[in-house]
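Engineer: Attaching a single structure in structure tokens format; questions to follow.
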Amino acid sequence: MIPPGLTAEFEALLQSFGPWVEWALSAVPALAGGVTVLAWVIWGLGALALLALAVGAHVLIALFRRRSSRADTAHTAPVH
């Protein structure tokens with residue numbers, strides 16, 4: 001069972017959030033355009049990050065292949 005004093009304190013706390021919630025709900029239409037732009041910016045940055053990772057992986061794979069092919073040709077004896 002919840003003590004009556006705690007219930008009254010919790011109710012007062014929730015009522016103090018009332019004006020803030022009303023302000024937030026009234027500001028939602030004005031924020032909608034900014035949220036859309038922010039979502040596109042985040043999406044674009046994520047796409048650029050994925051592209052950079054793909055290019056980096058491609059370069060690393062090419063370097064490892066080049067090194068391994070040089071190592072293979074350097075250690076093999078010429079065939080007569």
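Each reported figure results from applying straightforward, stated rules to the coordinates on display, with no laboratory input. None of the values given here were measured: they were computed from a predicted structure. As a convention, Cβ positions derive from the backbone with ideal geometry for all residues, glycine included, and neighbour counts pool all protein chains shown.
Engineer: Rank L51, L31, L63 by mean-square fluctuation in a GNM of the chain with C-alpha springs under 10 angstrom and give only the top-ranked residue.
Structural biologist: Maximum among the listed residues: L63.
Engineer: Follow-up. Below 12 angstrom from the Cβ of I2, what's the summed charge of the other residues (Lys, Arg +1; Asp, Glu -1)?
Structural biologist: With Lys, Arg at +1 and Asp, Glu at -1, the net is -2.
Engineer: So what is the calculated 222 nm ellipticity per residue for the chain, using -39500 (n - 2.57) for each DSSP H run with n of 4 or more, over all residues, to the nearest 500 deg cm²/dmol?
Structural biologist: My calculation for the chain gives -32500 deg cm²/dmol from helical runs alone.
Engineer: Here's something else I'd like to know. How much length is gained on full extension from F10 to L38, taking 0.36 nm per residue of separation minus their Cα-Cα distance?
Structural biologist: 6.6 nm
Engineer: Let me ask you something else. With axes computed from alpha carbons, what is the tilt in degrees of helix 4-16 against the longest principal axis of the chain, rounded to the nearest 10 within 0 to 90?
Structural biologist: Value to nearest ten degrees: 70.
Engineer: Same structure, new question: How big is the C-alpha Rg of the chain next to the rule-of-thumb value 2.2 N^0.38 Å, as a ratio?
Structural biologist: In units of the 2.2 N^0.38 Å rule of thumb, it is 2.66.
Engineer: Quick one: among A27, A12, A52, which has the greatest mean-square fluctuation in a GNM of the chain with alpha-carbon springs under 10 angstrom?
Structural biologist: With Cα springs under 10 Å in the chain, the top fluctuation among A27, A12, A52 is at A12.
Engineer: Taking R0 as 25 Å, what FRET efficiency do you get between A47 and S68 from their Cβ-Cβ distance, rounded to the nearest 0.05?
Structural biologist: The value I calculate is 0.20.
Engineer: Calculate how steeply helix 18-75 sits against the longest principal axis of the alpha-carbon atoms of the chain, using the helix alpha-carbon long axis, and give the answer as 0 to 90 degrees to the nearest 10.
Structural biologist: It works out to around 10 degrees.
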